[in-house]
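The values are calculated or read from the model by the stated rules, or taken from the named source; none is laboratory data. Just so it is clear, the model here is predicted, and its values are computed rather than measured. Reconstructed Cβ throughout: ideal geometry from the backbone, glycine too, with neighbour counts over all protein chains shown.
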């Protein structure tokens with residue numbers, strides 16, 4: 001199988017490339033910034049440093065959701081070529097916009113804390129009456145969170161709103177539980193979890209957490225959250241059984257350390273399994289006697305374009 | 001192309017039915033456009049409401065999301081027409097996702113909003129469907145811009161993904177010019193899209209797609225400006241669309257999932273190619289009066305209450 005790891009940095013890809021190669025399959029890393037998407041009269045292409053990307057059976061993308069405007073057309077193209085990807089088309093737009101992500105989870109009937117989003121600060125205090133304190137208040141410019149703060153009552157919320165001097169695009173208020181967070185990494189059907197203690201108003205980092213075994217109901221919630229957001233590999237955070245975060249970016253080394261595992265091996269197994277299942281679905285351009293593949297990257301490559 | 005007699009679909013009897021329409025406006029909505037839409041809508045719908053998106057409250061719990069304005073549930077309308085721009089993304093995506101799961105008829109969908117506000121993605125999506133467009137590229141790092149130029153050649157048009165109404169668009173004639181602009185663009189962490197420059201005749205054609213019906217308008221650009229956007233000046237007049245224009249406009253709208261939109265076309269090597277698809281086209285009030293708005297409302301009225309969801 002030929003598997004591609006597209007990542008922003010080499011260090012985010014190396015462990016997966018090694019794990020896949022150790023299992024006897026081909027794995028390649030390409031830096032995301034080297035990719036150029038091309039749309040022509042009747043076809044679209046993915047190129048890396050001027051060369052058309054070779055056909056891969058599976059692609060694993062490790063990139064921040066803020067890169068959604070680039071990743072989304074890339075996912076669309078990979079999907080139209082019949083290539084398996086761990087993140088589905090539309091998933092990066094969901095990950096980039098928190099109010100949209102929570103609506104998506106709500107529509108999928110996944111458990112989420114009650115939340116209200118509005119574009120106007122004027123009525124935010126009035127809106128807060130529909131929720132129960134404490135609240136997590138977030139302000140946004142564009143789709144980016146500018147500030148996030150926990151408020152315990154209406155007075156604190158009011159003073160937070162008054163403290164915002166810049167023009168913002170929206171507010172989100174979400175019911176907040178002062179409780180431990182369960183951070184999980186989901187790889188297909190496999191879940192690794194870490195419990196992060198909430199003490200004195202602060203949630204511990206994953207690296208300070210402890211290994212945790214998720215319940216049946218938590219397992220169901222993690223799967224439903226990742227599926228609703230379009231990820232086969234994702235991080236899902238739960239608080240009192242409700243989803244508070246879904247993200248395709250995973251702190252792999254922290255999870256490995258706490259769970260005493262080499263999670264990259266599970267990722268490799270999952271990617272190989274998906275690549276095998278996807279075999280035959282890949283729409284490869286006509287390649288007479290396989291010459292295109294053999295000579296495509298050589299000086300004679302232009303003959304096969 | 002000389003203007004000839006244009007035939008419009010007949011309005012159904014001016015008879016109000018018990019139908020309701022909600023128009024959701026961009027937070028930067030144009031009051032004159034809203035007034036015109038409301039005026040036309042009130043002639044047909046018994047209940048019409050306009051709400052700017054930033055005044056909507058989105059209330060989400062497990063399994064249920066409501067759109068509320070002044071304690072009114074906005075999902076109870078028969079038809080909802082969201083007129084949103086790329087500046088409304090934060091709330092726009094959430095609002096459209098909610099509408100998609102309601103019973104209201106909506107002439108546009110969430111995916112169309114995301115794609116049509118992304119010029120490269122639009123071009124890519126259409127080219128995959130065999131709809132003629134112009135060679136375009138999208139990349140992150142200015143370091144590899146030369147590879148993008150290999151595809152388009154000079155001169156080319158550089159667009160920022162968030163650009164709209166002809167703003168954020170630069171014509172680049174040389175490597176030196178490209179390098180100085182890329183330096184500035186990179187500071188803002190923008191995604192860069194380039195498009196082969198086509199020297200048009202000083203005009204383009206905007207096709208308003210209204211369901212299966214198309215109204216074509218020839219737009220002439222302001223003297224000395226290579227962009228034909230009316231919002232930047234210029235003039236517009238009605239034309240009879242050719243079968244080629246009709247086919248491209250309708251197929252483009254269908255490919256993106258829009259019943260109401262506009263498709264901008266330009267002549268290139270004696271063929272029409274798509275320049276842009278607009279999620280929230282203006283009605284050209286200055287040149288066409290309320291004609292476009294009337295057709296939009298006619299269509300929304302016919303469709304409302306017929307949603308198959």
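The residues of the stretch B:145-166 that are touching a helix residue (DSSP H, G or I) at 6+ places or on another chain (Cβ under 6 Å) and either assigned to a helix (DSSP H, G or I) or at pLDDT 95 or above (or both) amount to a single one, B:145.
So which residues in the stretch A:6-50 are in a helix (DSSP H, G or I), more than 9 Å from chain B (Cβ to nearest Cβ) and modelled with pLDDT under 95? Lay out the reasoning, then the answer.
So in the stretch A:6-50, the residues in a helix (DSSP H, G or I) come out as A:10-12, A:14-22, A:32-34.
Next, only the ones that are more than 9 Å from chain B (Cβ to nearest Cβ) stay: A:10-12, A:14-22.
Answer for the stretch A:6-50, where residues must be in a helix (DSSP H, G or I), more than 9 Å from chain B (Cβ to nearest Cβ) and modelled with pLDDT under 95: A:10, A:11, A:12.
For the stretch A:10-61, enumerate the residues that are closer than 21 Å to residue B:142 by Cβ and in contact (Cβ under 8 Å) with a residue 60 or more places away in the chain.
Filtering the stretch A:10-61 for residues closer than 21 Å to residue B:142 by Cβ gives A:10, A:30-39, A:45-51, A:53.
The one that is closer than 21 Å to residue B:142 by Cβ and in contact (Cβ under 8 Å) with a residue 60 or more places away in the chain: A:51.
If I ask for residues that are surrounded by fewer than 18 Cβ atoms within 10 Å (Cβ to Cβ) and at the interface with chain A (Cβ under 8 Å from one of its Cβ atoms), which ones from the stretch B:145-159 would you list?
Taking the stretch B:145-159 and keeping what is surrounded by fewer than 18 Cβ atoms within 10 Å (Cβ to Cβ), we get B:146, B:149-150, B:153-155.
Scanning the stretch B:145-159 gives a single hit, B:150.
Reported count of residues in the stretch A:106-143, each being at pLDDT below 90 and more than 7 Å from every other protein chain (Cβ to nearest Cβ), is 8. Listed by position, the helices (runs of 4 or more DSSP H) contained in the stretch A:74-146 that have at least 2 residues being out of contact with any helix residue (DSSP H, G or I) (no Cβ under 8 Å at 6 or more places or on another chain) are A:98-107, A:124-128.
Of everything in the stretch A:52-101 that is more than 15 Å from the chain's Cα centre (by Cα) and within 9 Å of chain B (Cβ to nearest Cβ), the residue that is modelled with the lowest pLDDT is A:80.
Filtering the stretch A:191-247 to residues that are within 24 Å of residue A:149 (Cα to Cα) and under 11 Å from the mean Cα position of the chain (by Cα) leaves A:235, A:236, A:245, A:246, A:247.
Going by the structure shown, is residue A:159 in contact with a helix residue (DSSP H, G or I) (Cβ under 8 Å, 6 or more places away or on another chain), outside any strand (DSSP E or B) and either over 25 Å from residue B:61 (Cα atoms) or not assigned by TED's automatic domain parsing to the domain that holds residue A:231 (or both)?
The answer is no for residue A:159.
Just for the stretch B:174-184: of the residues that are surrounded by fewer than 19 Cβ atoms within 10 Å (Cβ to Cβ) and in contact with a strand residue (DSSP E or B) (Cβ under 9 Å, 6 or more places away or on another chain), which one is modelled with the lowest pLDDT?
We begin by selecting, within the stretch B:174-184, every residue surrounded by fewer than 19 Cβ atoms within 10 Å (Cβ to Cβ); these are B:174-177, B:179-184.
Then drop every residue that is not in contact with a strand residue (DSSP E or B) (Cβ under 9 Å, 6 or more places away or on another chain), which leaves B:177, B:181-182.
Numbers: B:177: 91, B:181: 85, B:182: 81.
Among those residues, the one meeting the criterion is B:182.
Conditions (1) surrounded by 23 or more Cβ atoms within 10 Å (Cβ to Cβ); (2) away from chain A (no Cβ under 12 Å); (3) in contact with a strand residue (DSSP E or B) (Cβ under 9 Å, 6 or more places away or on another chain); (4) more than 20 Å from residue B:300 (Cβ to Cβ), marked per residue:
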residue: B:20; (1), (2), (3), (4): no, yes, yes, no
residue: B:25; (1), (2), (3), (4): yes, no, yes, no
residue: B:32; (1), (2), (3), (4): no, yes, no, no
residue: B:36; (1), (2), (3), (4): no, yes, no, no
residue: B:48; (1), (2), (3), (4): no, yes, yes, no
residue: B:52; (1), (2), (3), (4): no, no, yes, no
residue: B:61; (1), (2), (3), (4): no, no, yes, yes
residue: B:69; (1), (2), (3), (4): no, no, yes, no
residue: B:77; (1), (2), (3), (4): yes, yes, yes, no
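Filter the stretch B:116-130 for residues that are in a loop (DSSP other than H, G, I, E, B) and either modelled with pLDDT of 95 or more or at the interface with chain A (Cβ under 7 Å from one of its Cβ atoms) (or both) and give the result. Answer for the stretch B:116-130, where residues must be in a loop (DSSP other than H, G, I, E, B) and either modelled with pLDDT of 95 or more or at the interface with chain A (Cβ under 7 Å from one of its Cβ atoms) (or both): B:118, B:130.
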